[in-house]
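Worksheet for the structure shown next.
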Amino acid sequence: SYFWSVAILNYEGKRDTVACGRYLDQFERRNDEWRIAARLVVTDWFRDYPDSADWKIGPFGMPDAERGVANPKDKSYTWLGLR
């Protein structure tokens with residue numbers, strides 16, 4: 001499986017980090033279900049930015065752009081009918 005991660009880190013000031021890589025998984029069957037038995041994470045690429053995006057001006061200068069959040073207030077919950 002491949003991953004692509006974008007993170008806003010908040011230590012020693014805000015910074016943005018982007019990472020891409022793979023999960024090398026070994027699966028085993030347990031009680032008629034397939035589960036991950038072992039995982040190795042391989043990072044193929046990353047970029048560390050010394051600052052963070054300024055959301056006051058928004059992406060491409062659009063301050064009213066909808067921003068995603070990692071909770072049920074995210075638009076995907078209502079848009080996809082999850083709530």
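The values are calculated or read from the model by the stated rules, or taken from the named source; none is laboratory data. It should be emphasised that the depicted structure is a prediction, and the values quoted were computed from it without experimental measurement. For neighbour counting, all protein chains shown are included, and Cβ atoms are generated from backbone atoms with ideal geometry for every residue, glycine included. Keep in mind that these areas ignore ligands, DNA and RNA; they rest on the heavy atoms of the full protein, side chains included. Shrake-Rupley method; radii C 1.70, N 1.55, O 1.52, S 1.80 Å.
Assorted remarks:
- Yes/no for residue 59 being within 26 Å of residue 15 (Cα to Cα), open to solvent by less than 80 Å² (accessible area, probe 1.4 Å) and in contact with a Leu (Cβ under 9 Å, 6 or more places away or on another chain): no
- Complete set of residues in segment 62-76 that are open to solvent by 100 Å² or more (accessible area, probe 1.4 Å) and among the charged types (D, E, K, R): 64, 66, 67, 73, 75
- Here the condition is being of a type in the set (A, V, I, L, M, F, W, C), closer than 16 Å to residue 1 by Cα and out of contact with any His (no Cβ under 7 Å at 6 or more places or on another chain); of 42, 69, it holds for 42 alone.
- If you go through segment 1-49 and pick out every residue that is open to solvent by 50 Å² or more (accessible area, probe 1.4 Å), in contact with a Leu (Cβ under 7 Å, 6 or more places away or on another chain) and either of a type in the set (Val, Ile, Thr) or within 26 Å of residue 68 (Cα to Cα) (or both), you end up with 1.
- Filter pass, residue 19 being assigned to a strand (DSSP E or B) and touching a residue at least 12 places away in the same chain (Cβ under 8 Å): yes
- Residue 45 fulfils the conditions (1) under 18 Å from residue 8 (Cβ atoms); (2) of a type in the set (Phe, Trp, Tyr); (3) part of a strand (DSSP E or B) except for a single criterion, (1).
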